[in-house]
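Step one of this worksheet: look at the structure below.
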Amino acid sequence: KAVVSTQSGHYGRGLFGCKCVKEFRALGDCKAKPCQLFRHYRESGPAALNSFLNSESYEERYQIIMKYVFDPISRALCECPGMIGASTNCARNYDGTLFTFTRMDRAQFDSVVEEIDWKALKTILHGWVKGGCGEKNGKDCVAELSDMFSISGRWLDNTFRGEDSCQSLIRLEEEFTVYMETAFSFNMTTDTVKSVANKFMDVYSDMQRKSLCDPSCAAEVMDSFYSCCVKHSLEVTLSKPMRKNYQKLFRNMWGLFSEEKVPNLNSAVNKYLAMMDLDGFCKDQTNVYGERNEECESLGA
């Protein structure tokens, strides 16, 4: 009686709750998607873990995480974006037995649920899905974004091999040292959240500028990750409506972490967002990102 779908056995009324089950049943052709994800992780989990433990490079580890964790969820949401609303409604109206089964305190969960601006959160999640799905320039954007995240592993591999190349932190030794020194220099009893955020973003911006914009390496770095899919994703996720909802959600959730007044982090946030506009961020040193943007736009991507 507890089993809602024979596809996933464990996907039952008790744990998920009647309201949650009802939400997913209303998704029509997508109602089985949570079970399919559950089955994927159950069946592929051991092999994925074994591959991760036996991998010989950071890039390979990142690729495994993307393949077995990021990609399935991304493709499920691309196919069934209604899962976002169903999932958030499940959390808001949860009536399952998880807290009884685990003996966890439900009060803390309820307080988090009450604090979250669910409308802003759903808008953000839908924006991320919109920015990461489909095809651009004939390329699968889920795969392209997965490859982009995996590039971080290549940088670590090159760094630990002592390779002083364009895709290595050794090239950023001076900026990275300042970044780490700054990160460990904060005194939270005297520094304000605003001052910490601004200092941190200043040194992070300097490191990113050297990483992404150095004329001697910009073309190689750009080619390694900046595709039409990445361009599209950044444009969608950094649009004005998305920025507005990021701010709303931050202000809304600040009370979960502090009783202090919500700090004004506009300056630090703007510095971070400016880095995501790669053409504008690097324009004084290189035009490779602008050229890629023009190429994508000429292709309708």
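The values are calculated or read from the model by the stated rules, or taken from the named source; none is laboratory data. In this text, all values refer to a predicted model and were calculated from it rather than measured experimentally. Virtual Cβ from ideal backbone geometry, glycine too; neighbours counted across all protein chains shown. Side chains included, ligands, DNA and RNA excluded: accessible areas come from the protein's heavy atoms. Shrake-Rupley method; radii C 1.70, N 1.55, O 1.52, S 1.80 Å.
Things to note:
- Cysteines without a disulfide-compatible neighbour (Cβ-Cβ under 4.7 Å), the chain: CYS18, CYS35
- Stretch gain in nm, segment ALA47-ARG243, where the contour uses 0.36 nm per residue and the Cα spacing is subtracted: 66.6 nm
- Applying a DSSP loop filter and a limit of 16 other Cβ atoms within 10 Å to the GluC sites (Glu not before Pro) in segment 120-209 leaves GLU163.
- Cross-link reach list, aspartates and glutamates versus LYS33, counting only Cα pairs under 17 Å and skipping chain neighbours closer than eight places: GLU23, GLU43, ASP71, GLU79
- Dimensionless Rg/Rh of the chain - Kirkwood Rh, Rg from C-alpha atoms: 0.99
- Spatial offset of segment 31-80 relative to segment 107-175 amounts to 16 Å, using the alpha carbon center of each.
- Coarse-grained scattering of segment 96-234 at q = 0.10, 0.14 Å⁻¹, given as base-10 log I(q)/I(0) from a Debye sum over alpha-carbon atoms: -0.60, -0.97
- Cα centroids of segment 239-254 and segment 196-218: 24 Å apart.
- Residue (of TRP155, MET180, ASN89) at the positive-pole extreme of the chain, dipole from beta-carbon charges: ASN89
- LYS136, LYS19, reordered so the largest accessible area comes first (probe 1.4 Å): LYS19, LYS136
- Using the rule -39500 (n - 2.57) for each DSSP H run of four or more residues, divided by the residues of the chain, the 222 nm mean residue ellipticity is -20500 deg cm²/dmol.
- Scanning the chain for chymotrypsin sites (Phe, Trp or Tyr not before Pro) that sit in a DSSP loop and have at most 14 other Cβ atoms within 10 Å, the longest stretch containing none of them is 1-183.
- Projected label distance in nm at ASP223 and SER298, using a 7 Å step from Cα toward the beta-carbon: 1.7
- With the convex hull drawn over the C-alpha atoms of segment 33-141, the volume per residue is 156 Å³.
- Segment 47-93: Cα Rg divided by the 2.2 N^0.38 Å rule of thumb: 1.55
- Solvent-accessible surface of the chain, averaged per residue with a 1.4 angstrom probe and all protein chains in place: 58 square angstrom.
- Segment 160-199 pair-distance distribution - Cα-Cα, 5 Å bins, rounded %: 5, 21, 21, 15, 12, 11, 9, 6
- Unsatisfied cross-links (Cα-Cα over 27 Å) in the set LYS67/LYS139; LYS22/LYS139; LYS210/LYS271; LYS22/LYS231; LYS194/LYS240; LYS67/LYS283: LYS22/LYS139; LYS22/LYS231; LYS67/LYS283
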